[in-house]
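In what follows, a structure is listed as structure tokens, so that the remarks can point back to it.
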Amino acid sequence: MAEKQSKWKIFTAGIIRENPVLRLVLGCCSALAVTTTVSGALGMGLSMTFVLVCSNIVISALRKVIPGKVHLPCYIVIIATFVTVVEMILHAYLPDLYKSLGVFLALIVVNCIILGRAEMFACKNTVIDSTLDGLGMGVGYILTMVLMSSIREIIGNGSWMGIQLIPDSIDRMNVMNQAPGGFFVFGCLMALCVWIEKKTNHPIERKTCGDVMLEEIEQSKQDETAEGGAQA
Amino acid sequence: MSAQLATFATIFFSMILVNNYVLVQFLGICPFLGVSKKLDSSVGMGMAVIVVMVIATAVTFPLQIFLLDANNLGYMQTIIFILVIAVLVQLIEITLKRYIPALYSSLGVYLPLITTNCCVLGVTILAVQDYSGLVESSGFGLAYAEALVCAAGAGVGFLVAMLLFCGVRQRVENANPPESFKGLPITLVSAAITSLSFMGFGGLVENIISAIM
């Protein structure tokens, strides 16, 4: 029973507790770019989940074979393979979706959710756990994307999944469908998330991949000055 | 000649102002949100991105035309491009370290961080998408040159966005937003406003260039 519960926990972690977009702040590029329509967001979410689950499985199965020094290139090759598979499938069967996702489909390769989960989870855990983690993260990602794109499509285009909700006589806020709306909705959703965390007393510190980058830069700068000082 | 120059200038400046990679096309959001906290890091990151983008496009564009398209291997694009970029970044790092140590000391830190950055892979794919059609109509040389100008413009656009947003952030830090908005949410909302200001440039660049030339 305890075993089962922990597996369930791994699966549900990605949905709320470790929601990849709103709490771990991974993969913001695609979350901002393809959420103009619900169908696009759903397609992106499903493609992402497929790649995430498959790459998690392969990486966790090979975790004892991949040498530590070249782990990043290995991960990239594995992920790129699955992205190519998704690209070919969508190109063949859903050409409209393929066109609307455009370059962001190929950019799943460098999406921080997949690389992040490979580094944080799949390289340390068993195949089954990694599969569940991938599924949970994927579901969390899809839900967030659908929520964001619903807000943007309803306000910006007056429709949901192509079904018209707001009559033509009311003007649309087109800006929601464009770049500024993406940033704005994402910021407001995150603020809502922070507010709920405060109410339920579970505040967390959000750390984007950019913050990690900045830390690395600062660190290596400090090392340099320390070295320079030692030499002098 | 002048018409060609005008085309180049239009491509370059529209990549900076109208199709800005960060603020309009959402490529490279991660470094944009994180690194723009510090001015010197933003400049270094921007410079490194310009260098890597131009070199990566310079290598991947002919690769696509002469290797992938010529052999009907278009579906290998993603996997080849990301590997080429990863190798290139390593090569640039080694070369700089060996021959131009002064440049290495200022850019070396940023190079490994750029490998898995979506704006670099993005620019190589978009350059192929937009300019490979030109190869048939006006020759490889011209298409190649336009792709390189586009990559350079995208890099400079990234730098401009980083610098502008760095200034915006310093103002935001002194402001007093609602409790829930503190930190990342208010940063995103201010990015929205910065991006809104870039929408004002739509259609402007072509008109200005045609007026000058």
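Laboratory data are not the source of any read-out in this text; all were calculated from the coordinates shown. As the structure is a prediction and not an experimental result, all values here were calculated from the model. So basically every Cβ, Gly included, is an ideal-geometry build from the backbone, and we count neighbours across all protein chains shown.
Okay, here's what the table says:
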quantity	calculated
Computed [θ] at 222 nm, deg cm²/dmol, the protein assembly as shown (DSSP H ≥ 4; -39,500 (n - 2.57); rounded to nearest 500)	-23000 deg cm²/dmol
Size-normalised alpha-carbon gyration radius of segment B:39-164, reference 2.2 N^0.38 Å	1.08
Cα lying deepest toward the dipole's positive end in the protein assembly as shown, options B:Ala175, B:Cys119, B:Leu73, charges on Cβ	B:Ala175
Semi-axis lengths, Å, segment A:1-83, gyration tensor of Cα atoms, sqrt of 5 times eigenvalues	24, 21, 12
Angle between chain A longest axis and helix A:38-61 axis [Cα atoms, degrees, rounded to 10]	20 degrees
Test item: Cα-centred dipole of the protein assembly as shown, Lys/Arg +1 and Asp/Glu -1 on Cβ, debye	960 debye
Local electrostatic count, B:Gln170, Cβ distance below 14 Å [Lys/Arg +1, Asp/Glu -1]	+2
Loop trypsin sites (Lys or Arg not before Pro), segment A:2-79 (other Cβ atoms within 10 Å of the site Cβ: 14 or fewer; DSSP)	A:Arg17, A:Lys64
GluC sites (Glu not before Pro) restricted to DSSP loop in segment A:125-232 with at most 11 other C-beta within 10 Å	A:Glu205
Packing rank of B:105-111, A:179-185, B:182-188, where each peptide gets the mean count of other beta carbons within 10 Å, highest leading	A:179-185, B:182-188, B:105-111
Peptide B:28-39, shielding by other chains (average Cβ, 10 Å cutoff)	6
Exercise: per-residue mean of other protein chain Cβ atoms within 10 Å, A:205-215	6
Cα gyration tensor shape of the protein assembly as shown, rounded if a/c is under 1.5, else prolate or oblate by comparing a/b with b/c	rounded
Net charge contributed by nearby residues that have their C-beta within less than 14 Å of B:Ser41 (K/R +1, D/E -1)	-2
Sequence of A:Met176, A:Met145, A:Met213 once ranked by neighbouring C-beta atoms within 10 Å, starting from the fewest	A:Met176, A:Met213, A:Met145
Degrees between helix A:179-199 axis and first principal axis of chain A (Cα, 0 to 90, nearest 10)	70 degrees
Nearest 10 degrees, 0 to 90: helix A:71-93 Cα axis against chain A principal axis	20 degrees
Inter-part distance where segment A:192-214 and segment B:150-213 are each reduced to a Cα centre, Å	24 Å
5 Å binning of all Cα-Cα separations within segment A:2-231, expressed as whole percents from 0 upward	1, 7, 12, 15, 17, 16, 13, 9, 5, 3, 2, 1, 0, 0, 0
Violating pairs (Cα-Cα greater than 32 angstrom) within the set A:Lys7/A:Lys199; A:Lys7/A:Lys221; A:Lys99/B:Lys97; A:Lys124/B:Lys182	A:Lys7/A:Lys221; A:Lys99/B:Lys97; A:Lys124/B:Lys182
